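A.B. asks: This is the structure, below, for whatever I ask next.
The values are calculated or read from the model by the stated rules, or taken from the named source; none is laboratory data. All of these numbers come straight from a predicted model, not from anything done at the bench. Because the Cβ atoms are built from the backbone with ideal geometry, glycine has one as well, and the counts that use them run over all protein chains shown. For accessibility, only protein heavy atoms count, side chains too; no ligands or nucleic acids. Shrake-Rupley method; radii C 1.70, N 1.55, O 1.52, S 1.80 Å.
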Amino acid sequence: MRFIKLLCISIALTALTGCLDDLTSDSEDLRTDTSTGGENAAPALDFIELTTESETIQLSTELMNNDAVVLYYTMWCPICDSHMSHLRSSVMDNHRNVRFLMIDYVSGTVAQSRNSQVSNGYAALTVLADSDQSLIDQFSATMGTTVVIDDQNNILMNEDYKNGARLVEVLEAL
């Protein structure tokens, strides 16, 4: 009787915690707005944003000079550190005609964003200080979101970084 009682409790707890669902993430982003990427996506809207070194970056200018622009949204957490380390060591050098921009949307000001960038060891990367969170809103982004925009202004990818394999696949197809 005790075994049946424990079994029933285990089944109930499993059902309540949602463990019966498939919790593995898809390789595709499931956002429903037009900035999700793919063949039917709307083009990326142009933007102008300040870097942590107070330089102005405009998307349209970057796209004229590069095959694509990659945006990576960071909160300077351990997961973001892992992603950005992988970007720096395994992706960026293999795609020299792609502009990589890290988006800091949590620090609040350009100065605080620069401080976070330097203290986390990313002084050499270009970081945009998204103080008003306009870029996070524009691309429906969260921590770890990675967006690829090609030189024709098409959003080719807008999804979580995961292990970077999808990003490399998209960049290799440029």
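A.B. asks: How do the pairs read when you match residues in the stretch 160-172 that are within 16 Å of Thr142 (Cα to Cα) with residues anywhere that are part of a loop (DSSP other than H, G, I, E, B), using Cβ under 6 Å and keeping only pairs 6 or more apart or on different chains?
C.D. replies: Asp160/Gly144; Tyr161/Gly144
A.B. asks: Thr142 - would you say it is among the hydroxyl-bearing types (Ser, Thr, Tyr), open to solvent by 50 Å² or more (accessible area, probe 1.4 Å) and in contact (Cβ under 8 Å) with a residue 40 or more places away in the chain?
C.D. replies: Working: among the hydroxyl-bearing types (Ser, Thr, Tyr): yes; open to solvent by 50 Å² or more (accessible area, probe 1.4 Å): yes; in contact (Cβ under 8 Å) with a residue 40 or more places away in the chain: yes.
Yes, satisfied.
A.B. asks: Within the bounds of the stretch 101-109, is there any residue that is surrounded by fewer than 18 Cβ atoms within 10 Å (Cβ to Cβ), touching a residue at least 40 places away in the same chain (Cβ under 8 Å) and not β-branched (Val, Ile, Thr)?
C.D. replies: There is no residue in the stretch 101-109 that is surrounded by fewer than 18 Cβ atoms within 10 Å (Cβ to Cβ), touching a residue at least 40 places away in the same chain (Cβ under 8 Å) and not β-branched (Val, Ile, Thr).
A.B. asks: Please determine, by comparing only the residues of the stretch 17-42 that are open to solvent by 50 Å² or more (accessible area, probe 1.4 Å), of a type outside the set (D, E, K, R) and closer than 20 Å to Arg166 by Cα, which one is modelled with the highest pLDDT. Lay out the reasoning, then the answer.
C.D. replies: From the stretch 17-42, those open to solvent by 50 Å² or more (accessible area, probe 1.4 Å) are 17, 19-28, 30-34, 39-40; that's our starting set.
Add one more test, that the residue is of a type outside the set (D, E, K, R), and what stays is 17, 19-20, 23-25, 27, 30, 32, 34, 40.
Next cut, closer than 20 Å to Arg166 by Cα only: 23-25, 27, 30, 32, 34, 40.
Working: Leu23: 31, Thr24: 35, Ser25: 38, Ser27: 48, Leu30: 41, Thr32: 41, Thr34: 40, Asn40: 57.
Residue satisfying both the conditions and the ranking: Asn40.
A.B. asks: All but one of (1) of a type in the set (A, V, I, L, M); (2) touching a residue at least 60 places away in the same chain (Cβ under 8 Å); (3) exposed (fewer than 13 other Cβ atoms within 10 Å of the Cβ) hold for Ala123, so report the exception by its number.
C.D. replies: (2)
A.B. asks: Please count how many residues of the stretch 126-139 are among the hydroxyl-bearing types (Ser, Thr, Tyr) and surrounded by fewer than 16 Cβ atoms within 10 Å (Cβ to Cβ). Reasoning before the result, please.
C.D. replies: Initial filter on the stretch 126-139 (among the hydroxyl-bearing types (Ser, Thr, Tyr)): 126, 131, 134.
Within this subset, residues satisfying the condition of being surrounded by fewer than 16 Cβ atoms within 10 Å (Cβ to Cβ) are 134.
Going through the stretch 126-139 one residue at a time, the tally reaches 1.
A.B. asks: While we're looking at this one, here's another question. For the stretch 155-166, name all the residues that are over 10 Å from the mean Cα position of the chain (by Cα) and either among the β-branched types (Val, Ile, Thr) or crowded, with 18+ Cβ neighbours inside 10 Å (or both).
C.D. replies: Once the filter is applied, which keeps residues that are over 10 Å from the mean Cα position of the chain (by Cα) and either among the β-branched types (Val, Ile, Thr) or crowded, with 18+ Cβ neighbours inside 10 Å (or both), the stretch 155-166 yields Ile155, Leu156, Arg166.
A.B. asks: Among the candidates Ser85, Ser107, which residue alone is in contact with a Lys or Arg (Cβ under 9 Å, 6 or more places away or on another chain) and not in a strand (DSSP E or B)?
C.D. replies: Details: Ser85 fails: in contact with a Lys or Arg (Cβ under 9 Å, 6 or more places away or on another chain).
Among Ser85, Ser107, only Ser107 is in contact with a Lys or Arg (Cβ under 9 Å, 6 or more places away or on another chain) and not in a strand (DSSP E or B).
Yes/no per residue for (1) part of a helix (DSSP H, G or I); (2) surrounded by fewer than 18 Cβ atoms within 10 Å (Cβ to Cβ):
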residue: Ala44; (1), (2): no, no
residue: Met64; (1), (2): yes, yes
residue: Asp81; (1), (2): yes, yes
residue: Ser113; (1), (2): yes, no
